[in-house]
1. Just to be sure, is residue A:111 under 14 Å from residue A:23 (Cα atoms) and surrounded by 15 or more Cβ atoms within 10 Å (Cβ to Cβ)?
2. Hey, among the residues in region B:48-94 that are in contact with a helix residue (DSSP H, G or I) (Cβ under 7 Å, 6 or more places away or on another chain) and buried (at least 20 other Cβ atoms within 10 Å of the Cβ), which one's nearest to the other protein chains (Cβ to nearest Cβ)?
3. For region B:5-43, how many residues meet the condition of being under 16 Å from residue A:109 (Cβ atoms) and free of Cβ contacts under 8 Å to residues at least 12 places away in the same chain?
4. Looking at (1) surrounded by fewer than 12 Cβ atoms within 10 Å (Cβ to Cβ); (2) over 21 Å from residue B:91 (Cβ atoms), which one does residue A:12 not meet, given that it meets all the others?
5. Are any of the residues in region A:73-89 away from chain B (no Cβ under 14 Å), in a helix (DSSP H, G or I) and at pLDDT 95 or above?
6. Being touching a strand residue (DSSP E or B) at 6+ places or on another chain (Cβ under 8 Å), touching a residue at least 60 places away in the same chain (Cβ under 8 Å) and either in a strand (DSSP E or B) or at the interface with chain A (Cβ under 9 Å from one of its Cβ atoms) (or both) is the filter here; which residues of region B:95-110 pass it?
7. What residue, of A:44, A:37, is in contact (Cβ under 8 Å) with a residue 40 or more places away in the chain, within 11 Å of chain B (Cβ to nearest Cβ) and within 24 Å of residue B:102 (Cα to Cα)?
8. Pick from region A:90-107 the residues that are at pLDDT 95 or above and not in a strand (DSSP E or B): which of them is farthest from the chain's Cα centre (by Cα)?
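The values are calculated or read from the model by the stated rules, or taken from the named source; none is laboratory data. All values reported here derive from a predicted model rather than from experimental measurement. Because the Cβ atoms are built from the backbone with ideal geometry, glycine has one as well, and the counts that use them run over all protein chains shown.
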């Protein structure tokens, strides 16, 4: 059974750097075709894809946020870390991590974490 | 402003059918697979359809997907109160090299 869970601070100040960790189980990020992505959702608004890292360390970023984002496989085998610099109140929202398997569901995120709410405020 | 356009809302009575459209371009829907996600109130999104018309295991066949040119459609038959949710289409944007979501459609069961 694949599960993912996001963790990180609930409150960050403007200009600070946000660091989020996705802890997963039930799959290996060393398996060919597997990836983990991050998606966020401002309150009452649509989903927005942020970043994606694949088993081969191929990394993809949202063009509009690329300069602020870094995604990496964690030092532990079952973690993926996302950092976002220069946080602003408009970055407030729920941040999700999700599993992707090119061998199973091509371009889709098939399993999602529960999400973590991040508020940016001074 | 989403790259993929969906109607803000659709509504129908229990047991009826609804369809949700998702309009894109040749660099999005026209040349890539489309997925659909259901987001119940207060919950994480759930994959309903992938590869335009494939259902993950456990998704009932009341949910169906199709694609034609630069548009895609999600159909829900036998509408139930438990289907009240927001629905998002998504695909890869080859020109942006980014995964993009639609603007979302709220389904209401009357």
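1. Yes, satisfied.
2. Residue satisfying both the conditions and the ranking: B:50.
3. Within region B:5-43, residues that are under 16 Å from residue A:109 (Cβ atoms) and free of Cβ contacts under 8 Å to residues at least 12 places away in the same chain number 1.
4. It fails just one condition, (1).
5. The answer is yes; a qualifying residue exists.
6. B:100, B:101, B:102, B:103, B:104, B:105, B:106, B:107, B:108, B:109
7. A:37
8. For region A:90-107, the residue satisfying everything is A:90.
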